[in-house]
Amino acid sequence: MALTDCPSCNKKISDKSTLCPHCNFAVGDASSEDILRKQNLQKFHRKQRVQNQSLVAMLLFITGFGFMYWGGTQPGDLQHNLAIMVSIVGFVWYIVNRVRLALLKR
């Protein structure tokens, strides 16, 4: 008995198993097209999650930028410093997510 990866959830299952105990994917009845379709669906969902995170990061950057310039605070105030920090975090998070998305598209 050897362990193989489930084509649906990528967790270890027995090669004798016909049903994945983790995700209930019918491994024994699945054709190569079913397995390929399931893997493509998982890849699509990963891309969607990264794109959603990119959107949140962009909104975080814009919010921080808005508070920094239109918040009515002076440089050195706590709100101004927090706005700068939020803008930087949002920008870096956005760049990281764009790199992750480019790597996922390979």
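Projecting each Cα onto the charge dipole of the chain (Lys/Arg +1, Asp/Glu -1 at the beta carbon, about the Cα centre), which of 81, 58, 14 comes out farthest on the positive side?
14
So what's the Cα pair-distance distribution over region 50-106, bin width 5 Å, in %?
4, 24, 24, 17, 12, 9, 6, 3, 1, 0
Taking Cα atoms, how many degrees apart are the long axis of helix 32-70 and the longest axis of the chain, rounded to 10 and kept between 0 and 90?
With both axes taken from Cα atoms, the answer is about 10 degrees.
As an exercise, find the ratio Rg/Rh for the chain from alpha-carbon atoms, using the Kirkwood inverse-distance average for Rh.
1.30
Multiply the residue gap between residue 12 and residue 91 by 0.36 nm, knock off their C-alpha separation, and tell me the result in nm, one decimal place.
24.7 nm
Can you give me the angle between helix 78-104 and the longest principal axis of the chain, using Cα atoms only, in degrees from 0 to 90, rounded to the nearest 10?
30
So what is the 222 nm mean residue ellipticity for the chain from helices alone, if each DSSP H run of at least 4 adds -39500 (n - 2.57) and you divide by all residues, rounding to the nearest 500 deg cm²/dmol?
Calculated mean residue ellipticity at 222 nm is -22500 deg cm²/dmol.
Give me the dipole magnitude in Debye, nearest 20, for region 45-106 about the Cα centre, with unit charges on the beta carbon: positive for Lys and Arg, negative for Asp and Glu.
Computed charge dipole of region 45-106: roughly 680 debye.
No lab work stands behind these numbers, since they all come straight from the coordinates. None of these values were measured; they are calculated from a predicted model. Quick reminder, even Gly has a Cβ in these numbers, built from the backbone with ideal geometry, and neighbours come from all protein chains shown.
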